[in-house]
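Input: a single structure, listed below in structure tokens.
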Amino acid sequence: MNKKLFLSMCVAPVAAMAFQVGAWVGGPGQYPQPTQQNVQAFQDLQGTHLDLISYFALFDINDWNATEEYANVAKENGSTLVVTWMANGYNAQDLVDGKADTYIRDYAKGVKNYGEEIWLRPLHEANGDWYDWGVGKAGAGNTDANVAEAFRHIVNIFREENVTNVKWVWTTNASNAGTGTTLTGNYPGDEYVDYISIDGYNWGKCQSWSSWQTFTQVFKKAYNALANIDKPLFIAEISSSELGGNKAEWITDMFEHFTTDFSRVFAVMWFSQSKEANEGDWALNTSQAAVDAWKAGIAKMKALESNTAIKPTGRAADSSFRLQDGKLYVQTDKALKASVVQFDYQGRILWQSAVQHFTPGVHAIDAPEANTRSIYKLSIKQ
């Protein structure tokens, strides 16, 4: 049986990131929140800790004081709060023109005073037609250009306030909706983004217009489109219907892709909430089989990480691998039998070394020159 190690590295040195699990935890009532009780209930459901906790904050309605309650829940749980920051009531040009500046600046001051790291993802899914800032929303006047400028404007206010405890997340929807929309056109630029993410759902047959889609059918086009953005990538919202196919098998297939052609994904956040009839029942526990598949997938990812410890070598203090003078340097903690695999950012295998036995320590492997940005992984043989 082959086990592929998730920890990986791009040719441009980046830190290898342990796989993280997150969720919008749902809960009872029409407007659930990630309270301590709801977080614990989801952790009990999946049988493991949540690394990332999702929260949705609305401009002018949820100020930092409202957010801080849930930031504290995440902190006390040893998790990171991921805030989907929704500029409801504002189009992109409104934001560029400063119409929300007072609210944004007050929020920035609150985040700064809080001190703990949080992730903010403003203007998410701008390649759709359902939000006020969406490029596809008819009559809203949004374009890729002014949405990107609005994102930069928000970040710049935080910089003016010397806020240093935020990771900025840019999010594309897995598919475009509306005239003029593109998967990456509203990207604000590398200097304004820490992480990139994708939101996507398998609607199955829960709607008259929808049909069952595999994980690849939902996400591959967006994943490929992000190949040219050299930022850590995660899935910020994901779920599947039970209608029209096998949800448990869909989840199992998802985790399989995380170890193969979606190897850039360092985190996945399940959107676990039973919605009204005009949406889908996105909750994780729509069936015990779905829950079991989720638990097994998490266990698989954690097992792949713990199977072998890859540590920094030489000058690559923040990397799992060091590529230098045609050789790939790897350090292992224990003996193993493995080959090195080179992927491009679309998950295609570019090169694979012969299988060899590694002893604990540093190893130099002959590797071809990379003409494109690549991901290197160990394929462990057992």
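The values are calculated or read from the model by the stated rules, or taken from the named source; none is laboratory data. Remember, it's a predicted structure, so these values are computed and weren't measured experimentally. Virtual Cβ from ideal backbone geometry, glycine too; neighbours counted across all protein chains shown. Note: areas computed on protein heavy atoms with side chains; ligands, DNA, RNA excluded. Shrake-Rupley method; radii C 1.70, N 1.55, O 1.52, S 1.80 Å.
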Counting only residues in segment 43-66 that are part of a helix (DSSP H, G or I) and in contact with a Leu (Cβ under 8 Å, 6 or more places away or on another chain), the one surrounded by the most Cβ atoms within 10 Å (Cβ to Cβ) is identified as Q46
What number goes with the only condition from (1) open to solvent by 10 Å² or more (accessible area, probe 1.4 Å); (2) under 18 Å from D253 (Cβ atoms) that Y195 does not pass?
(2)
Sole miss for E149 among (1) closer than 23 Å to T67 by Cβ; (2) assigned to a helix (DSSP H, G or I) is condition (1)
Residues of segment 121-143 being of a type in the set (D, E, K, R) and over 22 Å from the mean Cα position of the chain (by Cα), in sequence order, are D132, K137
Restricting to segment 250-283, name every residue that is open to solvent by 10 Å² or more (accessible area, probe 1.4 Å), at pLDDT 95 or above and among the β-branched types (V, I, T).
T252
Any chance K247 is among the charged types (D, E, K, R), modelled with pLDDT of 95 or more and either closer than 17 Å to L52 by Cβ or surrounded by 20 or more Cβ atoms within 10 Å (Cβ to Cβ) (or both):
yes
Report yes if S241 is open to solvent by less than 10 Å² (accessible area, probe 1.4 Å) and within 16 Å of L52 (Cα to Cα), otherwise no.
no
